[in-house]
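Below is one structure, written out as structure tokens; comments come after it.
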Amino acid sequence: MGTLTNCTLLPLNSEFRFKPVHCSFRNKIHYNHRFNSHASKWGKLKHVHFDRFKCFSINNKDGVDDEGENGNKNDSKSNVTTVLPDEDRGFNPDKSTTPSTSQRSSLSSLGSVYNNFQVDSFKLMGLLGPEKVDPADVKKIKDKLFGYSTFWVTKEEPFGELGEGILFIGNLRGKREDIFSILQNRLVEATGDKYNLFMVEEPDSDSPDPRGGPRVSFGLLRKEVSEPEETTLWQYVVASLLFLLTIGTSVEVGITSQINRLPPELVKFLTDPNYTEAPDMEMLYPFVESALPLAYGVLGVLLFHEVGHFLAAFPKQVKLSIPFFIPHITLGSFGAITQFKSILPDRSTQVDIPLAGPFAGAVLSFSMLAVGLLLSSNPDVAGDLVQVPSMLFQGSLLLGLISRATLGYAAVHAATVPIHPLVIAGWCGLTIQAFNMLPLGCLDGGRSVQGAFGKGATMVFGLTTYTLLGLGVLGGPLSLAWGFFVIFSQRSPEKPCLNDVTEVGTWRQTFVGSLFFLLS
């Protein structure tokens, strides 16, 4: 998008032939309006002040009130200036004549007036963008927070998505974690609960910190700008509707698993796209009850996943939004979108909370899969088994190895395999966890990679994953649908933590990498 640096309104050196246009220059319009809007944060309209805009009549030069015949100036408080009739000014709208020298001079006098009416794009962005840091507070913060013993400021730059904050660049005078804690305490003492202070890597740094690690800078943002919005009533309504739809798709998965028991006309209607004659759907009712155990299994994995997030967030005092479940007819659900409603304190938290959900879901899914395989190998429960294609066990290396060890090589490589419904629930659960652990955007995998390895690694991992999804290497037939979902809802990386510099440790990085391998 181009940037408008200066916009100057110049006069038209021509005769106005239309009465409305001509009359519009009769009055001096004094518009004094002050507009304050407390809208939502992050790039939305905050405090906008449209102070004073003036249009001057053409007989007023350079914005100065004319003097009358007696030498006295007109009342500066008047909003309407005296304008001569058209005939006295030599202007006839009904005739097409060449403007006289006096008329051209009068019109040209508008140039000096409107040349002063210029729009600076930077000031305009400041009006329409989020509320910026108060300059008086910046001076106070520099005096109270920084100094020889903490952080010596050498330069200031804009900070934030729209430059609404201040980035203090300088030299660190101690251990970064200790200095950051001191600065946060001093900030509360100086300004109260008004600002958030971020410790980030210094942009375009030429050398690392002499004490080790990257050079750091400190960013300052208003709390109302930097913190996420609260969950609205409308979002609660949408989340409830999505959960009801997810219950329906989970039951549909349970019914589909019994396809070998369904009436032939119903199977043909569900599987043949050219079959248009709708059967009596009441024939499905006897199969709903037997589909509930599998639906409970899928819903249990989803809820266990979300409980894992909330249990990990509670001790860190991080607020989470209500989960927005994504229904899907093949898996029952693609998982859920859970937003952070607090700024994360550090990168370790950015790893722990996202990983807790897939880890909890994977433990429950694997348990159901193991129990289901054991029940599938027991002839006493043969009546409860369902026939599934053997391709189900060939999509994952881990699932294939466990299934061969439990059921035998011949059974797994037959055309269809008789298994217990718990195996399907476990397979759906593991697939859901695997999708959510993809290192993309605000998915659990993307958040954990960003926390463990940084934003640069997130971009590399993301581009690689998008390529593999497009080629169908990841996710099989579900990769296209999942890829579109990620692109339109979860593609943006997570916002930085308050402490976005301190490393998370080798063991967290190893754990993140091992989960990618196990869920692949």
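None of the figures in this text is laboratory data; all of them are computed from the coordinates on show. Note that the structure is predicted; figures quoted are calculated from it, not measured. Here Cβ is always computed from backbone atoms with ideal geometry, including for glycine, and neighbour counts include all displayed protein chains.
Taking a ≥ b ≥ c as the square roots of the eigenvalues of the Cα gyration tensor, the range 329-371 is classed as oblate, since a/c reaches at least 1.5 and a/b does not exceed b/c.
Shape of the range 174-277 from the C-alpha gyration tensor: prolate (a/c of 1.5 or more and a/b above b/c, with a ≥ b ≥ c the square roots of its eigenvalues).
Could you tell me what a quarter of the Cα convex hull surface of the range 135-226 works out to, in nm² with one decimal place? Intermediate values should be presented prior to the final figure.
Working: hull surface 22.8 nm².
For the range 135-226, averaging the hull's shadow over all directions gives 5.7 nm².
Could you tell me the center-to-center distance, by alpha carbons, between the range 337-414 and the range 247-319 in angstrom? So the two Cα centres are separated by 17 Å.
If you wrap a convex hull around the Cα atoms of the range 225-312, how much volume per residue is inside, in Å³?
Value for the range 225-312: 162 Å³ per residue.
Give me the net charge for the shell around R211: Cβ to Cβ below 13 angstrom, other residues only, Lys and Arg +1, Asp and Glu -1. Its environment carries a net charge of +1. Take every Cα pair under 8 Å whose residues are at least 6 apart in sequence, average their separation, divide by the length of the range 135-226, and the relative contact order is 28 percent. Each of L468 and N171 was given a label point 7 Å from its Cα along the Cα-to-Cβ line. The distance between the two points is 4.6 nm.
Here the gap between A410 and K140, fully extended at 0.36 nm per residue and compared with their Cα-Cα distance, gives a gain of 89.6 nm.
In this simple spin-label approximation, T506 and E277 carry label points 7 Å from Cα along the Cα→Cβ vector, and these lie 7.0 nm apart.
Distance from a point 7 Å along Cα→Cβ of F484 to each backbone N in the range 244-258: keep the residues under 19 Å and list them by number. Under 19 Å, as judged by backbone N against the label point of F484, lie 246, 249 of the range 244-258.
Taking amide H as placed 1.01 Å from N in the peptide plane, the amide H of K319 sits under 5 Å from that of K341, S342, each at least 5 places away or on another chain. In this structure, the pairs whose alpha-carbon distance is over 24 Å, taken from K341/K455; K144/K316; K132/K175; K140/K455, are K144/K316; K132/K175; K140/K455.
In the range 271-387, Rg over Rh equals 1.12, where Rg is the alpha-carbon radius of gyration and Rh the Kirkwood radius from pairwise Cα distances.
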